[in-house]
């Protein structure tokens, strides 16, 4: 069973939201693949993962680094899983071909962009039609926290 969580960003950019969610994933000992739009987004995300936490950095690698299998967080533009991740974070607005091999898929989208919201609704409908999928709609709250607003399928918790 794959749990798919749609993160509706209202007050935070993708580059700022990703480190917060990655901190939670790493605290649970999960490995993550982050599927980005392009190389420029990977650079911005990498910079954020290095600097978002004043007490340290969030360990990660990219397609340019050696030993991707060692990386707890792997940033890529390709549909690949070289670090044996159990979580896939999708930032490019696509439906990955092999999403069901992950325990959890996090789909982040900009709630201030109507085209992004419309595309996210289409992805939500697609996933809802798939077997063995648990869906959650997670809305960013005014203070920056998250609240699960809707669930369907098997119960699960937010990342």
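Please find, within the stretch 38-56, the residue that is modelled with the highest pLDDT out of those that are assigned to a loop (DSSP other than H, G, I, E, B) and loosely packed, with under 14 Cβ neighbours inside 10 Å. Checking each candidate, the answer is 38. Which one is nearest to the chain's Cα centre (by Cα), of the residues in the stretch 22-36 that are part of a helix (DSSP H, G or I) and closer than 15 Å to residue 74 by Cβ? The residue in question is 22. Applying the criterion of being over 15 Å from residue 144 (Cα atoms) and buried (at least 19 other Cβ atoms within 10 Å of the Cβ) to the residues of the stretch 1-21, the residue that is farthest from the chain's Cα centre (by Cα) is 2.
Mind counting the residues in the stretch 15-31 that are in contact with a strand residue (DSSP E or B) (Cβ under 6 Å, 6 or more places away or on another chain) and within 17 Å of residue 140 (Cα to Cα)? Summing the residues that are in contact with a strand residue (DSSP E or B) (Cβ under 6 Å, 6 or more places away or on another chain) and within 17 Å of residue 140 (Cα to Cα) in the stretch 15-31 gives 2.
The values are calculated or read from the model by the stated rules, or taken from the named source; none is laboratory data. Remember, predicted model here, so these are calculated numbers, not experimental data. Every residue, glycine among them, receives a Cβ derived from its backbone with ideal geometry; neighbour counts consider all protein chains shown.
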